[in-house]
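Chemist: Let me give you the structure first, and then I'll get to my questions.
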Amino acid sequence: MKKLLIIASAMLLVACLPEPNNSPLGSVNLAVAAASPDYATSDVILINTVLEIDEVFEQRIHTTNPADIAIAFEAGELFRLGRYGFDSVSKISIDTESDVVSVDWQRSVLGDDFSANPGDLLALSSRQAYVSRNGSKDLWVVNPAATTDADFLIEKIDLSAFANASSGNPHMADLEWLDGKLFVLLTGLNDSYAAAANSKVVVIDTSTNSLVDTDTTMAGVQAIELPVRNAGSFALHDGLLYVAATGDAYNYADTSGKYTGGIATLNTTSYATALLIDDGDLSAAPYGNISGVTVSANNDVYFSGSVSWGNDKVFVLRAGTSTPSEIVLGTNQYNIGDLLATDDALYVGVQAQSDGSENAGLKVIDLDDGTVNRLIELTYNPTQILAL
């Protein structure tokens, strides 16, 4: 799973970075979306873990507006999304020769909606990208190379036919692409944001931007129904989409569907689905509400779950096993923003605790034995981690 700023002054546009150890920015391998503890300010943090000492470049591209952001690294370019109420996409430029970070451009993705609330951006090239818009029925096809606002929007793809909400809003979330097909995750929420139906995945042929019928035995164009509700993020690995779903965790008036999430898989060729990890029920929910998933090169599935505020945990389902085990982050309370498995390590974004027991940062975990070997300390709370 699966991005911005309104420029207040020229000081926010260009920031010169320090040059320890022969331009370390050239080896930056992680980008992190982060928020201040009061969620009034956001930041895009760049991290270099290639050197002997981790290099962290933060508060270079940060702003009080937008405060709620996501990031995407696509077609070799870094983008930032301003979410609810900000409704914009910005391209972040990294000049490795001069160690300068800048904002190349910012475009609105609001359209005619109250708030488009963009969730993800996926670029196939410098001139063709897709933006999921959680607050709208329309997926946008955009041109990141456009030189004017008028040329940015290429096409709208109406997904209202797959909505559970009577308003026609399908509540889009994450995006993934493979073999000419764009996979669009729909949460299945209704207009009250309750997880009243299973989540779905819509498939789009990106050569024509037309919907793919995933079940020709039924009339009309069909989406893929998942065996989980309130799905929020994809992890693509070896032709399988791993889908993390929270369930109806935030419907406090009716807790009967609280544990209707888990980890599902979707075969990107056959469209077959399966429930890999069941999150349990009200009587026994060993992982809490599942919030994120990532898969390592050796097919180990890592996921995060939230039992309650301050009681977030990380689990691993080792390849060839059937029961997940917990990875112990420490003895304190934890709120997890995101997690990412790379070839070298598992990175878990932990947020600062108000009692000072934990600082914000990335816990770096050994993939072989699941032990924490260090914390990459950050100023702001990490909310999303991407490999560059």
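The values are calculated or read from the model by the stated rules, or taken from the named source; none is laboratory data. A quick note: this is a predicted structure, and the numbers were derived from the prediction, not measured. Every residue, glycine as well, gets a Cβ built from its backbone with ideal geometry; the counts of neighbours run over all protein chains shown. Just the protein is used for accessible areas: all its heavy atoms, side chains included, with ligands, DNA and RNA removed. Shrake-Rupley method; radii C 1.70, N 1.55, O 1.52, S 1.80 Å.
Chemist: Among the listed pairs K137/K200; K91/K313; K91/K156, give every one whose C-alpha distance is greater than 24 Å.
Modeler: K91/K313
Chemist: Just to verify a number: FRET efficiency for A75 and S283, C-beta to C-beta distance, R0 = 51 Å, to 0.05?
Modeler: 0.60
Chemist: Heavy atoms only, probe 1.4 Å: what % of the accessible area of the chain goes to carbon and sulfur, would you let me know?
Modeler: That share works out to 48 percent.
Chemist: For K258, which aspartates and glutamates qualify as cross-link partners when the Cα separation must be under 17 Å and same-chain residues fewer than eight apart are set aside?
Modeler: D248, D278, D279, D281, D312
Chemist: Calculate the spin-label point distance for S93 paired with D113, positioning each point 7 Å from the Cα along the beta-carbon direction, and give it in nanometres.
Modeler: 2.9 nm
Chemist: If you take the charge dipole of region 47-95 about its Cα centre, with +1 on Lys and Arg Cβ and -1 on Asp and Glu Cβ, which of F57, V89, I47 is farthest toward its positive end?
Modeler: V89
Chemist: Out of these labelled values of mean projected area of the Cα convex hull in nm², [x] 31.7; [y] 19.4; [z] 17.6, which was calculated from the coordinates shown here?
Modeler: Matching entry in [x] 31.7; [y] 19.4; [z] 17.6: [y].
Chemist: Taking 0.36 nm per residue of separation and subtracting the Cα-Cα distance, what length does fully extending T255 through D344 add?
Modeler: Using 0.36 nm per residue and subtracting the Cα-Cα distance, I get 28.1 nm.
Chemist: In percent, what relative contact order does region 23-86 have, based on Cα pairs under 8 Å that are 6 or more apart in sequence?
Modeler: Values: 121 pairs, mean separation 17.0, N = 64.
The value is 27 percent.
Chemist: Given contacts defined as C-alpha pairs under 8 Å and at least six residues apart, what's the relative contact order of region 272-388, whole-number percent?
Modeler: Contact order relative to length: 17 percent.
Chemist: Per 0.36 nm of contour for each residue apart, how much would the distance between S102 and S207 grow if the chain were fully extended, relative to their Cα-Cα spacing?
Modeler: 34.6 nm
Chemist: Which residues does the label zone of N373 cover in region 24-60, counting backbone N under 16 Å from a point 7 Å along Cα→Cβ?
Modeler: 48-55
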